[in-house]
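Reviewing the structure listed below.
Since every read-out is calculated from the coordinates, none of them should be taken as a lab result. What you see is a predicted model; the values in this text were computed from it and never measured. Virtual Cβ from ideal backbone geometry, glycine too; neighbours counted across all protein chains shown.
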Amino acid sequence: MRLSATAFAIFDAFPTDSARQTHLNGRLGKALMERAGELFAQPPSIERLDVLAHKLP
């Protein structure tokens with residue numbers, strides 16, 4: 001998602017907190033953090049949020 005002209009976000013949803021942790025600690029998460037210095041102007045910030053409502057199609 002584009003938050004502003006220079007800020008972007010990735011939104012992932014997981015059924016459980018342990019599934020989220022597994023994803024963050026997995027191959028992709030580790031690879032992203034290893035290359036963060038060359039990919040981003042600032043270190044990435046991982047934020048947790050709660051979905052308060054959703055709408056199914």
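Some notes on this structure:
- Each principal axis of the chain carries a Cα extent, and these read 38, 30, 18 Å when sorted largest first.
- Peptides 1-11, 33-43 ordered by average Cβ neighbours within 10 Å, highest first: 33-43, 1-11
- Per-residue [θ]222 nm for the chain (sum of -39500 (n - 2.57) over DSSP H runs n ≥ 4, rounded to 500): -8500 deg cm²/dmol
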